[in-house]
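Written out below as structure tokens is the structure these notes cover.
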Amino acid sequence: MHLLIKNCILNGQMRDILIKDGLISKIDKSINTNTENILDAKGNYIIPSLKNGHTHAAMSPLRGFGDDMKLQPWLEEKIWPAESKITSTDVYWGTRFAALEMIKSGTTFCNDMYFHFPAAQKAFIDAGIKSAAGPALFDFFDTGKVEEMKKNCLNEIENTQISGTNSLILAAHSIYTLSFESLKWIAELAGTKNIPVHIHLSETELEVKECIARYGVRPAMLLEQTGLLETEIVTAHSVWMDDNELDLLARYNVTVTYNPSSNMKLAVGKVFPYREIKERNIKILLGTDSCASNNNLDMFEEMKFASLLQKHQNNNPELLTAMEIFDIAAGSEASVFPQISSQIKVGAYADCLLLNKENLDLIPSNNLVSNIVYSANGNCVDTVICRGKLLMENRVVKDEEEILNQIRSISKRVTM
Ligand SMILES: [Zn+2]
């Protein structure tokens, strides 16, 4: 299938871009082909789409349900009781809702973690966005639950439609919800089946203290002991890490996700050690975390928080520039996910956005990347293309009305 984009601004110059079978096949001043599929970009800006490194998509119906609370009462009084009512159908619609928000704010890929993964996977496929998702793994140190967890995990892997575009990842919740034996089993499974792993790591000081009390080592060392650092692993949050742990992560093929909004909202008490991570060439993704702890999935806002927080914390306005955070948000360090590209160039996946040049956040156009990171939000996105397909044009996304109707009733039921 072909799509010809006419008259878009790429790196400051008017260009036509031809997309064939999901890939960018030609970029030129003027392209004429016999395809009927022509999109006139009317001088709007074309940029790579954004990629969300850490989400719990199906939690979107819980937006605004519990705010301004400490972590434990928030989980015990709000989140867990609501989640106990969530069915796999709710996960499907919750994930469609999240995907709708992602599309409307220019995101075409997410690395997700939630239970009822087959329903989430189907939602990502139906929405047309790329994803990495997989069985949610936790045993709460209850040996009686381990066999059931393993059985469900293998079953879900076996019976779910997986493609390179919507790939599999083992969603190992954390070192404080999984026993040592289960963490080891996950590492072995990841190794034999060649599946990457997604885990929360060192989000809070309590997690580190409990790990030292239980195992006598800090969390990253524990991951090494379980064999998990030998897998392709993506860690979320990762704020409470000392220099020895960062040195350890640098020796392995680890990708860390930076979740500034969630870290600030839940007041985890420490800032992601960006400079130390960068110095060690550890790969970084940017993520929103869920709508329950953010409260949106807008990667434009996340870029701004990410950059400002580093500058403020380090008393250094030169740290984490607009260009650096934009590259990270576009997925330039996401080699763990080969289904995404971070650039508009021939041969790259056609995952791109048209930004409305008339949006006032983008005016004047002194510096587009500065406007994108420091001024704009997801509302500046006019058109979204993923795998060469139009997912949104003039801010219209298919199925929007049905998705919103479903979410209103799901949210009412689970938050009662
Ligand atoms: Zn999370």
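Assorted remarks:
Listed here are the residues, each with its yes/no results for (1) more than 30 Å from A190 (Cα to Cα); (2) among the hydroxyl-bearing types (S, T, Y); (3) free of Cβ contacts under 8 Å to residues at least 12 places away in the same chain.
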residue	(1), (2), (3)
F272	no, no, no
Q313	yes, no, no
P317	yes, no, yes
T321	yes, yes, no
P338	no, no, no
S341	no, yes, no
S365	yes, yes, yes
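- E324 being among the charged types (D, E, K, R), within 24 Å of L71 (Cβ to Cβ), in the same structural domain as A132 (by TED's automatic domain parsing) and in a helix (DSSP H, G or I): no
- Test for K26: is it over 30 Å from Q406 (Cα atoms) and in contact (Cβ under 8 Å) with a residue 12 or more places away in the chain: yes
- Number of the condition not met by P338 [criteria: (1) within 13 Å of the ligand (Cβ to nearest atom); (2) not assigned by TED's automatic domain parsing to the domain that holds S167]: (1)
- Among the residues making up segment 367-416, those that are surrounded by fewer than 19 Cβ atoms within 10 Å (Cβ to Cβ) and small (G, A, S) are S370, S375, S409.
- Filtered residue count, segment 159-173, keeping only those that are crowded, with 20+ Cβ neighbours inside 10 Å and within 23 Å of R218 (Cβ to Cβ): 3
- Looking only at residues of segment 230-255 that are in a helix (DSSP H, G or I) and within 14 Å of E333 (Cβ to Cβ), we find that the one that is farthest from the ligand (Cβ to nearest atom) is A250.
- Checklist (1) aromatic (F, W, Y); (2) surrounded by 21 or more Cβ atoms within 10 Å (Cβ to Cβ); (3) assigned to a helix (DSSP H, G or I) applied to Y114, failing item: (3)
- Total residues in segment 127-161 satisfying the condition of being under 18 Å from the mean Cα position of the chain (by Cα) and closer than 21 Å to M102 by Cβ: the figure is 9.
- Of all residues in segment 372-416, those satisfying the criterion of being of a type in the set (S, T, Y) and in a helix (DSSP H, G or I) are Y374, S375, S409, S411.
- A41 being within 16 Å of the ligand (Cβ to nearest atom), surrounded by 17 or more Cβ atoms within 10 Å (Cβ to Cβ) and under 30 Å from the mean Cα position of the chain (by Cα): no
- When the residues of segment 277-300 are filtered to those that are assigned to a loop (DSSP other than H, G, I, E, B) and within 12 Å of the ligand (Cβ to nearest atom), the one that is nearest to D247 (Cα to Cα) is G287.
- Annotation: of all residues in segment 177-208 being surrounded by 23 or more Cβ atoms within 10 Å (Cβ to Cβ) and within 16 Å of the ligand (Cβ to nearest atom), the one that is farthest from F337 (Cα to Cα) is L178.
- On the stretch given as segment 63-110, residues that are outside any loop (DSSP other than H, G, I, E, B) and closer than 20 Å to S131 by Cβ total 21.
The values are calculated or read from the model by the stated rules, or taken from the named source; none is laboratory data. Note that the structure is a prediction, hence the values are computed from the model and not measured. With ideal geometry, Cβ positions are generated from the backbone for all residues, glycine too; neighbour counts draw on all protein chains shown.
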